[in-house]
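Notes follow the structure.
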Amino acid sequence: MSEMWIGGGRTGAADGRVFDVVNPATEEVIDTAPRAGAVDVDKAVATALRAFPEWRRTPGIERAEKLHSVARKIREDEEGLAVLLTKEGGKPLPENRDEVEWIAACFDYYAEIGRDAVGRVISPVARNQLNFVLKEPYGVCGLIVPWNYPLLLLTWKLAPALAAGNTVVAKPSEHTPLSTLRLAKALEELPEGVVNVITGYGPEAGMPLVAHRDVELVAFTGSQATGRKVAVACAEQLKKCHLELGGNDPLIVDEGVDLDVAARGAAWACYLNMGQVCTSAERFYVVGKAFDEFVDRFVAFTKTLRIGDPLGPDVDLGPMVSAEQRAKVEKKIADSVSAGARLIVGGRRPGRFAKGFFYEPTVLVDVAASMPLMREETFGPVAPIVRCRDIDEAIALADRSEYGLGASIYTNSLEHAMKAMEQVHAGTFWINDPLTDNDAGPFGGMRRSGIGRELGSEGIEDFRDSKHVHLDYVIGAKPYWYPYRYGRPRE
Ligand code: NAD
């Protein structure tokens, strides 16, 4: 059994309960993790609260050294972490090696960013005064993340929260708790109690963390439905809440581009991690003459993708994370086909696997804007492709969404790229290179895709509160104090 990480030590749940963690490629139980409840949350939050005063006082340069040490330790354990991520989450091993390298780089980035931009001096309102703005940590932050990038999504919160001087209690998804518990080994570099990891289910462990009176800020990544519950619970306590939610990202392919590159890039943007990426391309708008050839090339390329054991060599696509997630995708495709969509490839489980939540990458045409497939997040390897009259129609359709997480375009036209960039609501807009992230650039959603930003300087600002300090260095009574002098001008 793996154990939680509280106060710099390992522990089970207070009542001894555990839950199974299943390998989605084999359906075998890999290990168990503690099933935390409110009592465990109390213990973890109390521990983080005790650690806070000392960590907040720690000079930025010392915090930076410790965060760099965490990055070093992560790199030392790269293969172990990557293999465990693969076993519990199902992404192919090379993707998980990348995930581990990205998190180490993110700790290094925030180690340095944390030493900078700690406030500003402002112009005072009178002589003999100094006014400045300090940036302070909030206190204990509750971090809750999903299963698709368990370590990356946690690190996008954890590294800036720590660099800003907060202490944290983190809760990974019940599907992927093991890699986070293993990551805790690298966190031994930090003082006891600065980071605490609890494991368990959303309503039993996540909600008590969100609603805990001593948790000052909640940073959540997950579905829109859960995000709404988290936001309501935070609103009840007027607590700061940061949300990274779902998307239904469009990808436009313009006339005149190299359709071979566009088809391969679009396939990667759609099928990466079996479409279980918050910024997966989920709607494809292809302009005029490019349509037929793009569909042919996209379908031909889709057929070449190799599905299999994500730990094995020569595998492009592993399983989906769970039977439930696969069932949701199957239903969406079945509903779309009964409403008139035409299935070109995929749309079924590959026959050769007796076990595992595998699914074939799927292409559909003749889809309508009214179909749930085109309006809601699918979170699966599904590409619905729409023919557009011209670029203006493609841009208008791309922007027709309640979400606004990411959007992409392939085009040779500067004018079309700039028009699309201006008109499509998206926290990240990719031109000719979908889905590439940059730690130095903000990441997050417009519209209903979230509140706040991660990464970049914005990502640390969300973990810092502002304090305005007004200082008068010559003590004296003020003419505007009592008693008021009616009818006479102020001296
Ligand atoms: P989810 O909302 O079901 O769960 C996310 C986390 O919340 C898990 O740790 C879960 O245990 C916890 N949780 C569940 N119910 C809770 C409750 N009532 N109170 C508190 N915590 C609770 O999401 P998921 O299925 O794990 O992840 C997929 C979703 O995450 C997709 O919608 C995807 O778009 C989104 N996502 C967003 C981003 C982003 O940065 N915007 C990144 C990755 C994934």
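The values are calculated or read from the model by the stated rules, or taken from the named source; none is laboratory data. All of these numbers come straight from a predicted model, not from anything done at the bench. Please note: Cβ atoms are built from the backbone with ideal geometry, for glycine as well, and neighbour counts cover all protein chains shown. What goes into the accessible areas is simple: the full protein's heavy atoms, side chains included, and nothing from ligands, DNA or RNA. Shrake-Rupley method; radii C 1.70, N 1.55, O 1.52, S 1.80 Å.
Below are the figures for this structure:
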| read-out | value |
| --- | --- |
| One residue from Gly142, Gly114 being surrounded by 23 or more Cβ atoms within 10 Å (Cβ to Cβ) and over 21 Å from Leu209 (Cα atoms) | Gly114 |
| Output for region 1-36, where each listed residue is loosely packed, with under 14 Cβ neighbours inside 10 Å, not charged (D, E, K, R) and not in a strand (DSSP E or B) | Met1, Gly16 |
| Restricting region 100-154 to residues that are over 15 Å from His242 (Cβ atoms) and within 12 Å of the chain's Cα centre (by Cα), the residue that is farthest from the ligand (Cβ to nearest atom) | Leu151 |
| Of all residues in region 174-196 being within 12 Å of the ligand (Cβ to nearest atom) and open to solvent by less than 10 Å² (accessible area, probe 1.4 Å), the one that is farthest from Arg56 (Cα to Cα) | Thr176 |
| Residue match in region 148-159 (condition: of a type in the set (Gly, Ala, Ser) and buried (at least 24 other Cβ atoms within 10 Å of the Cβ)) | yes |
| Residue in region 73-88 that is within 23 Å of Arg464 (Cα to Cα), in contact (Cβ under 8 Å) with a residue 60 or more places away in the chain and open to solvent by less than 50 Å² (accessible area, probe 1.4 Å) present | no |
| Which listed residue is open to solvent by 20 Å² or more (accessible area, probe 1.4 Å), free of Cβ contacts under 8 Å to residues at least 60 places away in the same chain, assigned by TED's automatic domain parsing to the domain that holds Asn131 and farther than 30 Å from Ala126 by Cα, from Glu415, Glu458 | Glu458 |
| Every residue from region 439-471 that is outside any loop (DSSP other than H, G, I, E, B) and either within 16 Å of the ligand (Cβ to nearest atom) or over 17 Å from Val133 (Cβ atoms) (or both) | Phe443, Met446, Arg447, Gly450, Ile451, Glu454, Gly456, Glu458, Gly459 |
| Strands (runs of 3 or more DSSP E) enclosed by region 212-260 - at least 2 residues per element that are away from the ligand (no atom under 16 Å from the Cβ) | 249-253 |
| Residues of region 261-279 that turn out to be open to solvent by 20 Å² or more (accessible area, probe 1.4 Å) and either free of Cβ contacts under 8 Å to residues at least 24 places away in the same chain or more than 15 Å from the ligand (Cβ to nearest atom) (or both), as a count | 3 |
| In region 280-318, the residues that are open to solvent by less than 50 Å² (accessible area, probe 1.4 Å), more than 30 Å from Ala354 (Cα to Cα) and in a helix (DSSP H, G or I) | Ala290, Phe291, Phe294, Val295 |
